[in-house]
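Written below as structure tokens is the structure these notes are about.
The values are calculated or read from the model by the stated rules, or taken from the named source; none is laboratory data. A quick note: this is a predicted structure, and the numbers were derived from the prediction, not measured. Neighbour counts run over all protein chains shown; Cβ positions are idealised from the backbone, glycine included.
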Amino acid sequence: MAANTRRVKSVEDSIRDTDEPEHRLKKNLSGLDLTVFGVGVIIGTGIFVLTGVVARNQAGPAVALSFVVAGVVCGLAALCYAEFASTVPVAGSAYTFSYATFGEFVAWIIGWDLVLELALGAATVSVGWSGYLNQLLDDVGLALPTSIAGETARFNIPAVLIALAMTAVLVLGIKLSSRVTAVIVAIKLAVVALVIVVGLFYVAAENYSPFVPPAEPPAEGEGGWLDTPLISLLTGFSPGTFGWGGVLAGAAVVFFAFIGFDIVATAAEETRNPARDLPRGIIGSLVICTGLYVAVSLVVVGMQPYTELSESAPLAGAFAANGLTFFSTVISLGALAGLTSVVMILMLGQSRVLFAMSRDHLLPPALAKVHPRYGTPYRITIGTGVFVAFLAAVVPLEELAVLVNIGTLFAFFLVSIGVWWLRRTRPDLQRSFRVPFINVLPWVSAAACLWLMANLPTEAWLRFGLWMALGVGLYFVYSHRHSRMATGERRPAG
């Protein structure tokens, strides 16, 4: 049995599966479409919230440097994703890449892990969308009862509606999804540009001094050992706040503002020229968002002393503190638009990962059926939408949101190692994009991911372990016996 779990699905078989009539997706996306998708999912709550949190608690005005460090770490992982996606242009992202390198069991584990990033992430953002909507309605005197809207709702109706609306858009076609995203991203970028341009006129030089505040000892923990970062629990080392240590600690927080660029890889099968356009979409969206994050953070800490920034709405708060209440409302509208695109693209990524797993019969194959008119995996998309809507409606997600982070980093870690391994085992494959310094950069990327994972709370690791244990059980109960490799429909590579 142990040998069977290492069944590797060849790259050639993965690509061949994309031509099966019942599983063929329409190729409608360009490099620009992919870049828009990447920007659409990356720019969300991070740029509207995390700037204030990290500036106040970790880095001070040097929060811009935290964004740079996090962007570099993501950039290393992005290079690995770009090589994989251009070499194996198949839906499923890290799941498909792992199947071609580490084998079936690891592929199942990473597919199961991606549910933490994508489905749970979409549900969490849907709840945030509901909160922003109710805040805007409250501004005009039309607030909904908190029992049905906002983060404390017993049954969150707006969160359900946005999840189901985005499901409908995804079912109707990938091109429609890209057009909707393009409109939303245009609104979002206009708001970000407004923040930068208008905010520059209200920047005070004294707010940047000291740019890197003097280091302070760590505060006493309040939540016990479960809230303690794993690295502190294992080593006894507790990083302080501010100083250069605070800048690096802040990078571990703002890293999660970049989550999402990997979703571009899940649309590989629907891209007209994946070998050329996937690397452009992945790296291009990351570069654009890093530049915007740095610019916005510099403007915000220049408009208001970092010790006075709002942790929940720093951009809107900084403008309000300067008497610009109109712009504060516009920023809130931009945040609402931003979260809309994040919900849709996270669900797009989730449906494509599950589609690839169903096509391999690790999940029931009937779920992988493609709509004859729209060319989308409509069954798995509808199932994903209903699942996300249910979570957003009734499950308190605040404590679970950190699982999105640990699941993503685990995927990044495996992809970083996998691109190095596939280069060694299959040097014959055509690669339109190649990671430079292949014996160094993937390992640096993997180490950076592990370091950030180690800075997450111990409780996140325990919940991650329980989720993985559930996935292992499901694999051996169903997937191990029903996969196309197990039934002989696909012969293992090698």
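Overview of results
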item	result
Flag for ALA469 being under 26 Å from the mean Cα position of the chain (by Cα), at pLDDT below 85 and either over 28 Å from THR87 (Cβ atoms) or outside any helix (DSSP H, G or I) (or both)	no
Answer from VAL435, VAL419, VAL444 - the residue that is part of a loop (DSSP other than H, G, I, E, B) and β-branched (Val, Ile, Thr)	VAL435
Entirely in the stretch 97-216, the helices (runs of 4 or more DSSP H) that have 1 or more residues that are at pLDDT below 80 and either crowded, with 16+ Cβ neighbours inside 10 Å or within 20 Å of the chain's Cα centre (by Cα) (or both)	104-139, 174-200
Positions within the stretch 280-328 being in a loop (DSSP other than H, G, I, E, B) and either farther than 17 Å from VAL53 by Cα or not polar (S, T, N, Q) (or both), in sequence order	PRO305, LEU309, GLU311, ALA313, ASN322, GLY323, LEU324
Qualifying residue in the stretch 434-445 (condition: modelled with pLDDT of 90 or more and under 19 Å from the mean Cα position of the chain (by Cα))	yes
Considering residues of the stretch 341-388 that are hydroxyl-bearing (Ser, Thr, Tyr), crowded, with 24+ Cβ neighbours inside 10 Å and not in a loop (DSSP other than H, G, I, E, B) only, the residue farthest from the chain's Cα centre (by Cα)	THR381
Test: residue in the stretch 438-456 that is crowded, with 19+ Cβ neighbours inside 10 Å and free of Cβ contacts under 8 Å to residues at least 40 places away in the same chain	yes
Any hit, the stretch 292-301, residues being within 15 Å of the chain's Cα centre (by Cα) and either buried (at least 24 other Cβ atoms within 10 Å of the Cβ) or more than 19 Å from THR181 (Cβ to Cβ) (or both)	no
Single residue of the stretch 8-37 satisfying the filter (under 20 Å from THR87 (Cβ atoms) and assigned to a loop (DSSP other than H, G, I, E, B)) that is modelled with the highest pLDDT	VAL8
Test: residue in the stretch 118-137 that is under 20 Å from SER358 (Cβ atoms) and either touching a Gly at 6+ places or on another chain (Cβ under 7 Å) or of a type in the set (Lys, Arg) (or both)	yes
Matching residues in the stretch 271-291 - criterion: being crowded, with 18+ Cβ neighbours inside 10 Å and either polar (S, T, N, Q) or touching a Lys or Arg at 6+ places or on another chain (Cβ under 6 Å) (or both)	THR271, SER285, THR290
The stretch 65-80, subset of a type in the set (Gly, Ala, Ser) and crowded, with 24+ Cβ neighbours inside 10 Å, residue farthest from the chain's Cα centre (by Cα)	SER66
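For (1) at pLDDT below 70; (2) out of contact with any Pro (no Cβ under 9 Å at 6 or more places or on another chain), each residue gets a yes or a no:
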site	(1), (2)
PRO218	yes, no
THR228	no, no
PHE237	yes, yes
THR241	no, no
LEU248	no, no
